[in-house]
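Worksheet: the structure to be examined is printed underneath.
The values are calculated or read from the model by the stated rules, or taken from the named source; none is laboratory data. From a predicted model like this one, the values you see are computed outputs, not experimental measurements. Counting neighbours? That spans all protein chains shown, and the Cβs are built from the backbone with ideal geometry, glycine included.
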Amino acid sequence: MKNIIARYEQVAGYKVKPFGSYKRTDKAQTVTDKQKSRDHGEVFTPLWLVDEMVSKGFEEHGEKHVWLDMCAGYGAFALRILMGLGSKHKGWNDKTPAAWSKKHLAFSEFQISSALKLLYIFGSDINLYIGDSLAMKKDMPEGIFIECSGKWYKISQPSVLKMHRWLMEDYDKGLAKGEKALELFRKKRM
């Protein structure tokens, strides 16, 4: 969990507070990529609201519920879900969130640059659907898929691992900041 939080903070550009501690007035919770906001109408759900929604979701559906983060962006909902569970279960370690996520968490993201950031933050063993959320079927299989003209195609694990490895190397070297990650990825061959 520490690695996920550290990578999220690196990508989002602010320190993450414990689950349930955000207030409506906190400024860090409204950070968006200004260019993407202008070009695509991207918005960022305030973290106090995310925490409230996650808490209500746990109350109404329990921990076994499958969560779909549509328009996932950098994964704020998923991060807050994992932090909420971690605050309830003292036995959580770095492996527990990944195992729980594989069965109970899915990301949907239209923008390739955000999908690549999700891979960097959460790792390559996630359920990620890159494309139009409205084109998704009710029971999507596990894995990483990309949508093209209403059809979903599975991305092979070796290709995903290459993308993930390159992004991690670039971030660790301090080369990839924001949209630079996508730029650097495009220059490398699959």
### Query
From the set of residues in the stretch 1-30 that are within 15 Å of the chain's Cα centre (by Cα) and in a loop (DSSP other than H, G, I, E, B), which is modelled with the highest pLDDT?
Val16
### Task
Pairs only if they're at least six apart or on different chains, beta carbon under 9 angstrom, first in the stretch 57-71 and more than 22 Å from Pro141 (Cα to Cα) and modelled with pLDDT under 85, second among the aliphatic types (A, V, I, L, M) and in a strand (DSSP E or B); list them, first residue then second.
none
### Message
If I ask for residues that are touching a residue at least 12 places away in the same chain (Cβ under 8 Å) and assigned to a strand (DSSP E or B), which ones from the stretch 138-153 would you list?
### Response
Ile144, Phe145, Ile146, Glu147, Cys148, Trp152
### Message
Checking Gly84 against (1) surrounded by fewer than 15 Cβ atoms within 10 Å (Cβ to Cβ); (2) within 19 Å of Met1 (Cα to Cα), only one condition comes out false. Which one?
### Response
(1)
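Residue by residue, here is whether (1) modelled with pLDDT under 80; (2) surrounded by fewer than 18 Cβ atoms within 10 Å (Cβ to Cβ); (3) farther than 17 Å from Lys64 by Cβ holds:
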| site | (1), (2), (3) |
| --- | --- |
| Lys88 | yes, yes, no |
| Trp92 | yes, yes, no |
| His104 | no, yes, no |
| Phe107 | no, no, yes |
| Lys117 | no, no, yes |
| Gly131 | no, no, yes |
| Leu134 | yes, yes, yes |
### Checking Trp152 against (1) under 23 Å from Asp51 (Cβ atoms); (2) in contact with a helix residue (DSSP H, G or I) (Cβ under 9 Å, 6 or more places away or on another chain); (3) modelled with pLDDT of 65 or more, the condition it does not meet
(1)
### Task
Looking only at the stretch 115-130, decide whether some residue is more than 12 Å from Ile4 (Cβ to Cβ), within 12 Å of the chain's Cα centre (by Cα) and β-branched (Val, Ile, Thr).
yes
